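What follows is a set of notes on a single structure, which appears directly below.
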Amino acid sequence: MNPSRRTLFLLLLCSIGPVFVAMTGWPGGFAFVPTAIVFSLLVADRMFGCALSLTVTRGIPGTLSVGTRNPVAISVRNHSPRPVHLEIADDRPSDGQVEGDETCHMTVPAFQAASVTYSYVPLRRGVSVFSDVTVRHRSRLGLWLVKQVFAVRDEVRVYPNIEAIRRYELMARTNSLAESGFVTSRYRGDGHEFERMRDYRPGDDPRRVDWKTTARVGRLIVREMGQERNQNLVFLIDRGRLMRQTTDGLSHFDYALNTAMILSHIARRRGDNIGAVIFSDRVHRYLPLQRGSGAVDALIHAMFDVEPEPVATDFSAAFRHVGASIHRRSLLLLMTHMGGASEQRQLREWTRHMTGRHLPVCLFFKEPALEEELSRPVTDPPDAFAKAAAAELWMERQEGLSRLNRDGVMALDALPGEYSALAIARYLDVKARNLL
């Protein structure tokens with residue numbers, strides 16, 4: 001508990017009392033009257049004006065999504081006969097940030113409750129702990145600042161961007177995927193498995209007309225074909241040192257996990273099996289192939305506490321594990337960074353080895369700093385040197401992509417913000433062209 005500014009102002013006025021008395025010629029005893037009054041008010045306000053009965057609770061989802069706004073509500077019930085204005089500070093995890101002011105304000109009427117909500121953005125996955133809530137308020141006369149600490153502990157799990165799945169569902173229902181960068185392909189009518197019979201519509205391929213059924217019902221009926229289901233999609237997610245790079249507060253490893261989560265949801269809707277290998281210099285986690293909503297949930301729970309580590313990536317460990325564990329032809333989506341010449345040689349060797357049995361797709365992260373350097377204007381010799389070095393690195397990357405594509409491997413790169421859209425577009429293209 002500390003004195004307020006009002007108290008300090010009153011004490012300052014009291015200090016002027018002796019000077020005023022001396023100038024007016026009043027008896028000296030009057031000089032201490034203001035001070036006595038102020039101290040009496042301070043004691044009375046301290047004894048009878050500071051007590052306040054409050055109950056504080058925190059409302060927070062049991063699971064949060066990394067890199068997204070998550071609502072946190074602080075509720076206060078006032079059991080006292082007077083309204084009070086509160087200043088609230090929540091003890092949040094340090095590995096996150098708050099949008100807006102760090103301190104919340106609210107007024108709680110007498111014998112009523114009120115709440116305030118702020119947005120918390122976690123920046124890493126795993127278990128996070130919200131602990132104490134500190135409440136500050138003035139005493140009844142406003143002479144004291146009272147602080148109360150409430151032990152309100154909440155332990156939550158921070159997962160990859162679960163909200164992205166909900167946004168995908170909404171975009172799918174409103175047909176706005178293309179506007180958001182998701183390049184979609186036709187699902188029905190492009191495959192080889194029989195889907196259903198339906199009436200002919202203008203523009204349908206005449207070869208799809210089922211003439212026996214047409215003759216029986218007396219109108220044109222077509223056989224609608226669907227893409228093959230029960231195919232395999234395996235994510236190979238690199239958690240080596242290059243994936244520790246960050247863009248807009250998220251590591252590239254997190255961008256890869258978010259992409260895998262969204263794409264696994266799309267694959268589930270198309271009836272495909274989903275598996276994953278998380279690796280660096282060794283395989284850390286392996287999720288066997290499975291189908292349905294349980295596959296997506298298993299992927300989310302397996303990835304929520306995994307972080308990239310400062311070690312070199314060994315692609316052979318991941319591909320060797322796939323070769324030993326997965327025998328049916330699968331789409332292998334490798335999400336990684338393009339390393340130096342030795343890493344590129346190792347990757348080419350193993351992707352060539354896997355091409356006969358599986359369909360490997362390599363999706364690399366572009367370097368945002370490299371792209372920025374290439375677009376920066378040259379104003380002096382140091383700028384020219386930096387741009388020449390960036391151009392050399394860019395050419396090396398393009399040559400690495402070209403070599404992989406010549407070997408029959410689909411190799412692409414994208415900036416972190418475009419990563420999910422490109423991965424989804426490639427998956428849908430593979431399905432539409434029946435490459436598996």
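A short reminder: the numbers here are calculations on the coordinates, not readings from a lab. Just so we're clear, the structure is a prediction, and the values are computed from it rather than from any experiment. Virtual Cβ from ideal backbone geometry, glycine too; neighbours counted across all protein chains shown.
Between beta-carbons, use under 11 Å as the cut-off and find the net charge around D254, counting Lys and Arg +1, Asp and Glu -1.
Net local charge, D254 excluded: +2.
Given 4 °C and 1.567 mPa s, compute D for segment 225-383 with the Stokes-Einstein relation, Rh being the Kirkwood radius over Cα pairs; round to the nearest whole µm²/s.
Translational D for this selection: 78 µm²/s.
Springs between alpha-carbon atoms under 10 Å, Gaussian network over the chain: tell me which of V361, V283, V222 tops the mean-square fluctuations.
Sorting by GNM fluctuation, first place goes to V222.
Taking 25 Å as R0, compute the FRET efficiency from the Cβ-Cβ separation of H284 and L415 and round it to 0.05.
For R0 = 25 Å, the calculated efficiency reads 0.45.
Rounded to the nearest 500 deg cm²/dmol, what is the calculated helix-only ellipticity per residue at 222 nm for the chain, with -39500 (n - 2.57) per DSSP H run of length n ≥ 4?
Details: 11 runs with 159 residues, N = 436.
Mean residue ellipticity, 222 nm, calculated: -12000 deg cm²/dmol.
Sort 261-271, 404-414 by packing, meaning the average of other beta carbons within 10 Å per residue, with the highest value first.
Ranking, from highest mean packing down: 261-271, 404-414.
Quick one: dipole size for segment 54-159, taken about the Cα centre, charges +1 on Lys/Arg Cβ and -1 on Asp/Glu Cβ, in debye to the nearest 20.
Using only the charged Cβ atoms, the result is roughly 260 debye.
Using only the C-alpha atoms of the chain, find the volume of their convex hull and express it per residue in Å³. Don't jump to the answer; show the numbers that get you there.
Details: hull volume 113.0 nm³, N = 436.
Once divided by residue count, the hull of the chain is 259 Å³.
Which FRET efficiency value, to the nearest 0.05, do you get for R77 and V98 by plugging their Cβ-Cβ distance into 1/(1 + (r/R0)^6) with R0 = 30 Å?
Values: r = 24 Å, r/R0 = 0.79.
After rounding, the FRET efficiency stands at 0.80.
How much FRET efficiency would the formula 1/(1 + (r/R0)^6) give for S115 and A391, where r is the Cβ-Cβ distance and R0 is 41 Å, rounded to 0.05?
0.15
Express as a percent, rounded to the nearest 5, the fraction of DSSP beta bridges in the chain (both residues included) that run antiparallel.
Given both bridge residues lie in the chain, the antiparallel proportion sits at roughly 65 percent.
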